[in-house]
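This report concerns only the one structure given below.
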Amino acid sequence: MSNYLSLENVGITFKTQNGPFRALDDVSIKIEKGEYVTMIGHSGCGKSTVLNIVAGLLTATEGVVLLENKEVNAPGPDRAVVFQNHSLLPWLTVYENVRLGVDKVFAKTKSKAERDEWTKHNLKLVHMEHAMDKRPGEISGGMKQRVGIARALAMEPKVLLMDEPFGALDALTRAHLQDSVMEIQAELGNTVIMITHDVDEAVLLSDRIVMLTNGPSATIGEILTVDLPRPRNRLALAEDPHYHHLRGQVLEFLYHRQLRPAA
Amino acid sequence: MKSNIVRLTPQQESPPEESTAVIPESASNAASTATRATKSVEKIPASTTRNYALWRASGTTLIKNIFLPVLTFLVVGVIWSYIHSHIAPEIPSIADTWTRAKEILADPLAQNGPNDMGIGWQVLYSLGRVLGGFALAAIVGIPVGFVMGMSENFQKAVQPLIQILRPVSPLAWLPIGLLLFKAVNPSAIFVIFITSIWPMIMNTAAGVKAIPKDYMNVAAVLRLGKLEITRKILLPATLPHVITGMRLSLSIAWMVIVAAEMLTGGIGIGFYVWDEWNNLNVPSIIVAIFIIGIVGIILESVMTLVHRHFDYSR
């Protein structure tokens, strides 16, 4: 297995008022270039903590994260994050929000005109070029999340990190965005780690699903390879017995073996 | 369609404190929203009833926004006349006050020597002192507030001092000002400076603290430098809070200047009131009270406009 991104024995302990809290324990996984990996688990199990460690926003107490055999321990645009609540800067327009990242990443390698072009290109990719001059307050939640994705993609990250990117959206908008993400993934072949708590979303989008056990001391319980052929179509999959089998396996893990004691 | 509905609601409910001058604008806004809605719906009967409903709604808000305040003024007028005729005849009648108002406002920018300047000059001199102290307070207070919001140690260091000084009436600083500057005009400006600085510091610090952690995460992922974070995230994110602080301090400063000028003398609306009291010219005092109030409203509206301009959440 190749060594594009690897987490090796990652663990983290938070200092709290009630003493140390062991959030993650011995998380190890190797992710290949171009792979779409989702992490699923009950809320509070530490999914986001794993993502934040890879992003460099949190520092692991033990273990190491290697990207192309180099240790990552600080945030950077090579690991762009799509945040759950979009985190667009409300005083900038949609275009300016994306451009901010583009200017930062390609300050030396692209000319002004090229950066402008690249910003617009990424907005087109998420079908948001029509709202370029609007401010985040003027567009819907789904649109904001599209812009958040464009901002992350425009940084040409080595790994794209998505923290429950569709969690705050209604079901229809979510489906639209999932389709968009699949299209973009087919086109660009990004390496993606996505956090989710939605079983259908995990099976539909992933190459592998990493299932986390309940915290404290959460760790990887099981990894499921999703061998459904791409491109995937949600309607066709609804009839596909193999899809239901995979879905059943995730559900079995979440609701049988890892049922929260007091959910 | 969805966005139309969303836009329609906030415009229809014009807040009760909105001044009457806003009515025509909000009514026309509502009307234009209605036409937009009509276009997308394309059902004539439904839209006519809606237009009718809007027309009625704007009619009732017109009545509410003009009729109710006028009623209050009438009640105050009745009480005033009663006090004049039955309780304290020294309080001038409405008619006398009105006559005096016309005299005062006939030539507000008159200049008959330093002891006889028109009311316009008095207001302008006071405004000048307010703006001077206010600007100085902004120059000092906003940066201090920023540092306070960013550094917990600095906050710990200065918070107790600010908490002791903040509740003190700014006028208590007037003697210190006189001692320091040996002149009344800078002392009055100093008092306004003290008045204005606390809300600016507190609101700026609160604004920096209220910046969502997400914005800082975005900055971290983009690897923005300290200066870039300040310029691209801290400043714009805090601006609405800073302006709230400025708005609060300006309205307090306008109240304080009247009292400060009563003590310092010279040209200014505060000393004008005191001077007229010494001359037992009560109608002038009442006219001055109204003028002070109206200038206060103008200052407040200007700051509200500025605040609205920078309010991203809208």
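Using all pairs of distinct alpha-carbon atoms, the Kirkwood hydrodynamic radius of segment B:119-309 works out to 18.0 angstrom.
Here B:Ser169 sits with roughly 60 square angstrom of accessible surface, probe radius 1.4 Å. Distance between the C-alpha centres of segment B:230-285 and segment A:123-140: 44 Å, rounded to the whole angstrom. Ligands, DNA and RNA left out, the accessible area of the protein assembly as shown computed with a 1.4 Å probe is 62% carbon and sulfur.
If both residues of a DSSP beta bridge must be in chain A, then about 55% of such bridges are antiparallel. Counting only Cα atoms, the size of chain A along its three principal axes is 53, 46, 38 Å, in decreasing order.
Do any trypsin sites (Lys or Arg not before Pro) in segment A:1-89 lie in a loop, going by DSSP, with at most 14 other beta-carbon atoms within 10 Å of their beta carbon, and if so which?
Those satisfying the criteria are A:Lys33.
Can you tell which of B:Met148, B:Tyr215, B:Ser196 lies farthest toward the positive end of the dipole of segment B:119-309, using +1 and -1 charges on the Cβ of basic and acidic side chains (Lys, Arg; Asp, Glu)? The Cα lying farthest towards the positive end belongs to B:Tyr215.
Restricting the GluC sites (Glu not before Pro) of segment A:57-89 to loop positions (DSSP other than H, G, I, E, B) with no more than 15 neighbouring Cβ atoms within 10 Å leaves A:Glu68. Here segment B:106-176 is described by how far its Cα atoms reach on the three principal axes: 56, 23, 17 Å, from widest to narrowest. Averaged over peptide A:83-90, the number of partner chain Cβ atoms lying within 10 Å of each residue's Cβ comes to 5. Site pair A:Asn3 and A:Tyr255 shows an inter-label distance of 4.2 nm when each label is modelled 7 Å from Cα along Cα→Cβ. Dipole of the protein assembly as shown computed with +1 at Lys/Arg Cβ and -1 at Asp/Glu Cβ about the Cα centre; of B:Ser169, A:Met132, B:Gly245, farthest Cα towards the positive end is A:Met132. Which residues among segment A:1-25 fall inside the zone where the amide N is under 14 Å from a point 7 Å beyond the Cα of A:Thr225, along Cα→Cβ? Those under the cut-off are A:1-2. Annotation for segment B:260-314: chymotrypsin sites (Phe, Trp or Tyr not before Pro) lying in DSSP loop with at most 15 further Cβ atoms inside 10 Å of their Cβ are B:Phe310, B:Tyr312. Residue order by solvent-accessible surface for A:Ile220, B:Ile257 is A:Ile220, B:Ile257, largest first, with ligands and nucleic acids left out and a 1.4 Å probe. Sorting B:Met117, B:Met200 by solvent-accessible area of protein heavy atoms yields B:Met117, B:Met200, largest first, with a 1.4 Å probe.
Think of it as helices only: each DSSP H run of n ≥ 4 in chain A is worth -39500 (n - 2.57), and spread over all residues that comes to -10500 deg cm²/dmol at 222 nm. For segment A:149-242, a crude dipole built from +1 on the beta carbon of Lys and Arg and -1 on the beta carbon of Asp and Glu, taken about the Cα centre, is about 220 debye to the nearest 20.
Charges were assigned to the Cβ only: +1 to each Lys and Arg, -1 to each Asp and Glu. The resulting dipole of segment B:119-309 about its Cα centre is roughly 760 debye.
Remark: segment A:85-156 is approximated by an ellipsoid whose semi-axes, taken from the C-alpha gyration tensor as √(5λ), come to 20, 11, 10 Å, largest first.
Put B:Lys209, B:Lys232 in order of accessible area, highest first, and with a 1.4 Å probe you get B:Lys209, B:Lys232. Taking every Cα-Cα distance in the protein assembly as shown and sorting them into 10 Å bins from zero, the calculated P(r) comes out as 3, 13, 17, 18, 16, 13, 9, 6, 3, 0 percent.
What is the dipole size for the protein assembly as shown, taken about its Cα centre, with +1 at each Lys and Arg Cβ and -1 at each Asp and Glu Cβ, in debye to the nearest 20?
For the protein assembly as shown, the charge dipole is close to 320 debye.
What does the average come to when, for each residue of peptide A:149-155, you count the partner chain Cβ atoms lying within 10 Å of its Cβ? Could the numbers behind the result be given before it?
Working: counts 0, 0, 3, 1, 0, 0, 2.
Across the residues of A:149-155, the mean count of other-chain Cβ atoms within 10 Å is 1.
Partner chain Cβ atoms within 10 Å, averaged over the residues of B:211-217 - can you pull that number for me? Show your work: numbers first, answer last.
Details: counts 0, 3, 2, 8, 4, 2, 8.
For peptide B:211-217, the averaged partner shielding equals 4.
The values are calculated or read from the model by the stated rules, or taken from the named source; none is laboratory data. All figures in this text were calculated on a predicted structure; none of them were measured in a lab. So basically every Cβ, Gly included, is an ideal-geometry build from the backbone, and we count neighbours across all protein chains shown. Heavy atoms of the whole protein, side chains included, go into the accessibility calculation; ligands, DNA and RNA do not. Shrake-Rupley method; radii C 1.70, N 1.55, O 1.52, S 1.80 Å.
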